[in-house]
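Participant: This is the structure I have questions about; it appears just below.
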Amino acid sequence: MKSSELVFENAALYAYNPFMKDFMKRYKFNGDYRLRQVFSGQIRQRLKKINEVIVPIPVSIDTMATRGFNQVTGLLDNLEYADVLKVKAEKKAVRQSEKNRRERMALNQPFELNQFEKNSIQNKAVLIVDDVYTTGTTIRHAATLMHEAGATSVRGFTLAR
């Protein structure tokens, strides 16, 4: 199943407005990990009662080495999640935030399954979590893999859209 064929529902806590853009710049790109606490409580309240396996969008090995943290798992502070996905490439040629809409929409499948964790989603409902939903391409690619791995349902949750 192609990610473009997938019926997909995503819920976001906030609109991606100038305040959120500035927040993400400071949190993600300037590496201020303490800022995760601004929204992690609200996210925890929203997600602690769900009956879905939480699967965060991963970062590449290079991003982890440079930034020192995954901004998505930082927002999931004190929530249990499954590391089912990993980024195929060690290093991104161009960051998503530097791409225009057409370039984002043309993105090839950037993820693969973590073979040690894939059974944690089989025959289960999955909630994919990301920081920002822009075109939906990234989260839809992740959803396609979740469906292919046997998830019964897949939906998304983002901080902003």
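The values are calculated or read from the model by the stated rules, or taken from the named source; none is laboratory data. Quick caveat: nothing in here was measured; it's all calculated off a predicted structure. Positions of Cβ are backbone-derived with ideal geometry, glycine not excepted, and every protein chain shown enters the neighbour counts.
Participant: Quick one: what pairs do we get from segment 115-128, first residue surrounded by 12 or more Cβ atoms within 10 Å (Cβ to Cβ) and acidic (D, E), second at pLDDT 90 or above and assigned to a loop (DSSP other than H, G, I, E, B), C-beta under 7 Å, 6+ apart or different chains?
Facilitator: Pairs that qualify, where the first residue is surrounded by 12 or more Cβ atoms within 10 Å (Cβ to Cβ) and acidic (D, E) and the partner is at pLDDT 90 or above and assigned to a loop (DSSP other than H, G, I, E, B), are E117/A82; E117/D83; E117/V84.
Participant: Still on this structure: I need every pair where a residue in segment 54-71 that is among the aromatic types (F, W, Y) has its Cβ under 8 Å from the Cβ of a residue that is assigned to a loop (DSSP other than H, G, I, E, B), sequence separation at least 6 or different chains.
Facilitator: Close Cβ pairs (under 8 Å, with a partner that is assigned to a loop (DSSP other than H, G, I, E, B)) amount to F69/G31.
Participant: Pairs, please: C-beta under 7 Å, at least 6 apart or cross-chain, first residue under 16 Å from A12 (Cβ atoms) and touching a residue at least 60 places away in the same chain (Cβ under 8 Å) and in segment 135-161, second assigned to a loop (DSSP other than H, G, I, E, B) and among the β-branched types (V, I, T)?
Facilitator: That search, which allows pairs on different chains as well, returns T138/I57; I139/I57; A142/I57.
Participant: Could you check segment 120-143 and list, in sequence order, the residues that are aliphatic (A, V, I, L, M), outside any strand (DSSP E or B) and over 12 Å from I57 (Cα atoms)?
Facilitator: Selection gives I121 alone.
Participant: Still on this structure, I have one more. Give the residues of segment 100-111 that are in contact with a Leu (Cβ under 8 Å, 6 or more places away or on another chain) and at pLDDT below 95, sorted by residue number.
Facilitator: Passing the criteria: only Q109.
Participant: So, in segment 123-139, exactly how many residues are at pLDDT 95 or above and more than 10 Å from the chain's Cα centre (by Cα)?
Facilitator: 4
Participant: Separate question: Restricting segment 7-61 to residues that are assigned to a loop (DSSP other than H, G, I, E, B) and small (G, A, S), which is farthest from K118 (Cα to Cα)?
Facilitator: Taking segment 7-61 and keeping what is assigned to a loop (DSSP other than H, G, I, E, B), we get 7-9, 15-17, 30-32, 48-52, 57-60.
Still in the running and small (G, A, S): 15, 31, 60.
Values: A15: 32, G31: 30, S60: 18 Å.
So, considering only residues that are assigned to a loop (DSSP other than H, G, I, E, B) and small (G, A, S), the one farthest from K118 (Cα to Cα) is A15.
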